[in-house]
Structures are given as structure tokens and as C-alpha cells.
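The values are calculated or read from the model by the stated rules, or taken from the named source; none is laboratory data. Because the structure is predicted, anything quoted here is derived from the model rather than measured. Glycine gets a Cβ as well: all are built from the backbone with ideal geometry, and neighbour counts include every protein chain shown.
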Amino acid sequence: MTDTPMIAVRSVNKWFGAFHVLKDVDLVVQRGQKVVVCGPSGSGKSTLIRCINRLEEHDEGEIIVDGIRLDESLEHIAAIRREVGMVFQQFNLFPHLTVLENCVLAQVRARKTPRADAEARAMQYLARVRIPEQASKYPGQLSGGQQQRVAIARSLCMEPKVMLFDEPTSALDPEMIKEVLDVMTDLAQSGMTMICVTHEMGFARKVADLMVFMDHGRVVESSPPAEFFAAPRSDRTRQFLDQILSH
Amino acid sequence: MMTQSRPEEGRAPPLRARGAFFGWLDIVLLAAALVVCGYFVWRTNVQLHYRWNWSVIWPWVARFEDKEGFVAGPILVGLAVTLRLAVWGILLATMIGVVMGFARTSRRLFFRLVASGYVMLIRNIPPLVFVFVFVFFITSQVLPALGVSERVKAWSPATQWVVEALFGPVARLENFLVGLICLAVFTGAYVTEIVRAGLQSVPRAQIEAGESLGLSAFDVRRYVVFPQALKNVVPALSNQFIQMIKDSSLVSLVSVQELAFMAQDIQTSTRRVFEVLLFVGALYFIICWSLSLLFARLEHRNQS
Ligand SMILES: Nc1ncnc2c1ncn2[C@@H]1O[C@H](COP(=O)(O)OP(=O)(O)O)[C@@H](O)[C@H]1O
Ligand SMILES: [Mg+2]
């Protein structure tokens, strides 16, 4: 098992109606690897990672997560979702539940973890994202940065093997971006397999093993960060990097 | 996107006028309201030569008998039936509405068809026609066939006592159930629509968050969507339940002896039309108003 890649995306195509959103996308993520995906808005980054846990359905090609093929089988989908955690741009915490309950709900319902154990684990991960003191508050009472860290803790409580991040800092005020990136850096250093859609290039340089640049539904460039930043092969990548690194 | 900023020092905010404001428009409207009331009094007293006699009402509310003490009169008996219709009606209509509301948003075409058929049927028939059709063709055939009252009569006195406390006299049990089911099925259609709107008001992103955590589709609905939906529809539900209590007077047409039925009865025997109407109207007002207060509190608690 350990020599198979964690995630293998092969020749994936997807359409929204007549709109071809993913075009022959290939992406292989090894165990423990950190992949940073960037690219202009609308290039299909979200769609790609949402296909990996079946929030979107791909039309052609194959996606294999930890040896499990993503297909119509509800069991396969459930098994993959057990292994894959996801963090969204808008946090998507459950507003009617406290921070602790947000972290406990899926453990108790989907994993059948006894409540006391679930709470203990929730507190452990809340401590890891550095907000154990907010456990009894509701999401609406927290700042954006705190909410996003709760969202990360909530995902980690399910002890996933892979974490997907979809622009986790894009909805945050500048002063809160760092606290979230610090948590993500810690997580990366702990050996978690990660795919991060982000434009935080400082973070990318620090943790990425592989940089992926997407444009118009295609993976245009995919290379180690040193190469990616120093000598991008395609003009499109260079333009994009100039744009986002210039400010 | 901005974070909340606080005033630098502890300076008090400038004083502003609070919401309540009494201006010339209020005076004009108040005067108009007084004129309308005055006209009503004038018309009944002077033009119709109506002689008010409120004392006639009381024996119909309750009377004192030497042996038994206070005995509930028809108005109190009717009130009890109305209250029972209200409580059970709300429960039953909610159950129907929740099940049908989920069916309405189900992925299965069959469930969607059943639920939307039900809603469509009831929304497009006048309540009056529905009551008669439903009662004569459906409930009044089914309930006697099931032999509900015979069964209850065979139960132990203690159980019967409980049943009477919950649903009223066993002798009128079938009649009560007919009215109740009719009311609940009728109101349930509107509750269905409210529940559907509530379920659809919860952002898609919430469902995705639940699914990405590995919750089953059922658990996502049960623990993520439904509680948020319910919170969003409390005001609409409260409205619908008040409407139902007022609609409960319709089942007097199939001789469920609730408040409106009794009022009709008393009017014919005493000919004190205005007193009876005003008195019973006040009772309905008190029930409905209490319910809206209760819901207002619930809403308030929800928000904090
Ligand atoms: N559910 C959808 N239906 C139709 N079009 C969609 C849908 N989701 C995304 N798109 C379109 O697909 C393209 C790629 O979207 P997305 O993957 O969100 O891009 P990115 O995350 O790179 O900004 C965009 O043009 C977007 O408008
Ligand atoms: Mg996106």
C-alpha cells in the first residue's frame, strides 16, 4: 500500500454543461507530499480538488485515493471521504453548533466514536490550532482567522490521511492570514499529505514539494518550487507569478 | 471585511432619540380609530337599540350547582376542545410538514411527486370544501371501521382517564379525531411548504461541509440542515399555527363541539349575538396571542 501514490488523478475531464472546466488533468500526490496549486480565478482549481472528495463528479478519467477508485459506488465515496479532509475558503462551520460540537458531530455520527473520546480529541486538535479556550463559543462569535482554524481542527478530528485546502486565507483580513498559515505550516511539518489551493507564495516556498499552475482547466506547469519560481517553463506561468509577486 | 473597531477611549456615544416617536400622524390615526369605535357603539346602541346584557354570558361559561360545585358550561367545554385541537393539531401538522417537507426536497422523484401532489391539492381547494370532502369521504369512513371508540372503551378506567384528559370525552373521541386529522392534514400542507423553504434556505456549502466530513446524506440533513432550517422558519411557523387555531373553527361544521360551535349554539338559544361573539372572539384572541408571545420568546432565544 505505501508505495502507491496517495492521490492519482489521471486524464480527468469535466464539463459544467457545455463548459469544459477540467481538460486532461493529471496529478499524482505521493504520501506526505505537499502540493500547492495556483492559477488565475476560474481556471478550475476548486473544481479539481472538489472532484477528489466527490463534491463534484468528474466525467472522464480516473481518480484513485489511497488505492480506492472514485466511482459511482457509495461505499467508495464514503471510504474516500473518511480519508480526505477539506477546508473551505468560507470556513463553512456549522453556525448552530458550538466550536466543540462542530468538532464532535462527525466523530460521533460518522465514526461512532464515544462522546467523551470525541470531546477529548476535539480539545486536543483545538489546542493544536491554538484556540482551546474558544471551545464553548459559537462560530459567529469568532474572528475569521479563528473560524478557519476551527475548521482545520474539525477536519483533523476525523484523522484524515490527506487534507485539501481551497484558498483557506482568501476570505481573511491580512492580519489573520498568518495565524492560519502558521497552523498549516505546522501541519505540513507533521507529515500530513496536503493539496493547497493558495496564492500565498511565501507559504508555498516554505512547505511545497510540488507546485502546480493551472490555467483554463489545464495543468500548465507542475514542478518543484525551486524550479517553479526560478525558471518557470511557460510564459503564462511567468506572467502569473509576476502579477502576484509584484505586490 | 473590516474588523470591528472600538472607540479609543471610554467616551459615551452621543444621545439619540429612541425608536418610539409620537407625531401628528399618530394623533390623526388615533382620532380615526376612536371615531370608528364611536360609530360602532352608536350604531349598536342607538340605531339597533341593542341592549347590552353581559350577565347572560356567565351561566354558559360555568355554573354553580349544589351537589357538584362549579360545573363547566358549554363555553369552557368548547374552549377545552379548541385547546386540544390546537395542541394536537400543532404536533400532528408539524410531523406531517416535516416528513412531507423532506419528501418535497428528496432526490427521489416518487417522494417529490407525492409531497407536491399533496400540497397542490390542498392549497387549491377552499378550506370549507376540503373539510366536508375529507370528513365525509375519508375520515368518517375510516375511523369507525377501525373501531377506535370500542377499543378505547375496552381499556382500563385508568387508561381511559388518561385518554380523556388528552383527547376529551370518549363518547366524542371519534368525532374529535375526525376534526383533528382534518385540521392537521390541511395545515400540514402549509407547514410542508414552510419546511421546504427552510430546508432550501440553508446554504449548499453547509451540506458540502457535512459531506466532506464523512457524514451520511441522512445525518447531514438531520444534524446540519434541519436545525438551521427550523431556526429560519420559526416566524413563519408561528404564523401558520395561529392560522390553524383560527381555522379550527371550521371543524364545527362537522359537529366537532369546539368554541365556535358552542358560540353558535348559545347565540341561537340566548339571542345575545354581540355578547357571545365578542366574548368568544376575546377567547380566541387570548389563545392566539399567547401562542405568538411564546413563539416570540423562542425566536428571541434562538437569536442569542
Ligand atoms: N457548479 C457550477 N456550475 C457551472 N459552472 C461552474 C460551477 N462551478 C464552477 N463553475 C465554473 O467553472 C470554472 C472554474 O471554477 P473554479 O473551479 O471554481 O475555479 P477556481 O477555483 O480556479 O477559481 C469557472 O468559470 C466557474 O464559473
Ligand atoms: Mg476557487
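The table below gives the values:
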item: Whichever residue in region B:174-229 is hydroxyl-bearing (S, T, Y) and either without any contact (Cβ under 8 Å) to a residue 60 or more places away in the chain or not in a helix (DSSP H, G or I) (or both) and, among such residues, is farthest from the other protein chains (Cβ to nearest Cβ); result: B:S201
item: Complete set of residues in region A:208-231 that are free of Cβ contacts under 8 Å to residues at least 24 places away in the same chain and under 27 Å from A:F19 (Cβ atoms); result: A:E221
item: Candidates A:T193, A:T198, A:T169 - the one that is surrounded by 16 or more Cβ atoms within 10 Å (Cβ to Cβ), within 16 Å of ligand 2 (Cβ to nearest atom) and more than 14 Å from every other protein chain (Cβ to nearest Cβ); result: A:T198
item: Enumeration of residues in region A:6-49 that are under 14 Å from the mean Cα position of the chain (by Cα), among the hydrophobic types (A, V, I, L, M, F, W, C) and within 16 Å of ligand 2 (Cβ to nearest atom); result: A:V35, A:V36, A:V37, A:C38, A:L48, A:I49
item: Any hit, region A:153-164, residues being within 30 Å of A:R121 (Cβ to Cβ), within 16 Å of ligand 2 (Cβ to nearest atom) and hydroxyl-bearing (S, T, Y); result: no
item: Residues being touching a Leu at 6+ places or on another chain (Cβ under 7 Å) and closer than 24 Å to B:V220 by Cα - total across region A:107-133; result: 5
item: Single unsatisfied condition, B:L215 versus (1) in contact with a Cys (Cβ under 9 Å, 6 or more places away or on another chain); (2) more than 29 Å from B:S140 (Cα to Cα); result: (1)
item: Every residue from region A:81-106 that is without any contact (Cβ under 8 Å) to a residue 60 or more places away in the chain and more than 9 Å from chain B (Cβ to nearest Cβ); result: A:T98, A:V99, A:L100, A:E101, A:N102, A:C103, A:V104
item: Unique match (being modelled with pLDDT of 90 or more and within 18 Å of B:W88 (Cα to Cα)) among B:S216, B:S290; result: B:S290
item: Residue within region A:229-242 that is more than 14 Å from ligand 1 (Cβ to nearest atom), more than 14 Å from chain B (Cβ to nearest Cβ), under 15 Å from A:V36 (Cα atoms) and part of a strand (DSSP E or B) present; result: no
item: Matching residues in region B:42-72 - criterion: being farther than 14 Å from B:E275 by Cβ and either surrounded by 11 or more Cβ atoms within 10 Å (Cβ to Cβ) or among the hydrophobic types (A, V, I, L, M, F, W, C) (or both); result: B:W42, B:R43, B:V46, B:A62, B:R63, B:F64, B:F70, B:V71, B:A72
item: Residue among A:R154, A:R149 that is within 14 Å of chain B (Cβ to nearest Cβ) and either surrounded by fewer than 21 Cβ atoms within 10 Å (Cβ to Cβ) or closer than 16 Å to A:V183 by Cα (or both); result: A:R154
item: In region A:29-52, the residues that are surrounded by fewer than 16 Cβ atoms within 10 Å (Cβ to Cβ) and over 14 Å from A:P5 (Cβ atoms); result: A:S41, A:G42
item: Selected residue [in contact with a helix residue (DSSP H, G or I) (Cβ under 8 Å, 6 or more places away or on another chain), among the aliphatic types (A, V, I, L, M), crowded, with 18+ Cβ neighbours inside 10 Å and farther than 20 Å from A:A171 by Cβ] from A:L70, A:L55; result: A:L70
item: Search result, residues across region B:96-142 that are among the charged types (D, E, K, R) and assigned to a helix (DSSP H, G or I); result: B:R104, B:R112, B:R123
item: Search result, residues across region A:83-99 that are within 17 Å of the chain's Cα centre (by Cα) and surrounded by fewer than 19 Cβ atoms within 10 Å (Cβ to Cβ); result: A:Q89, A:Q90
item: Those residues of region A:9-54 which are among the β-branched types (V, I, T) and within 13 Å of ligand 1 (Cβ to nearest atom), in sequence order; result: A:V12, A:V21, A:V25, A:V37, A:T47, A:I49, A:I52
item: Check on A:D215, within 13 Å of another protein chain (Cβ to nearest Cβ), closer than 29 Å to A:S11 by Cβ and within 16 Å of ligand 1 (Cβ to nearest atom); result: no
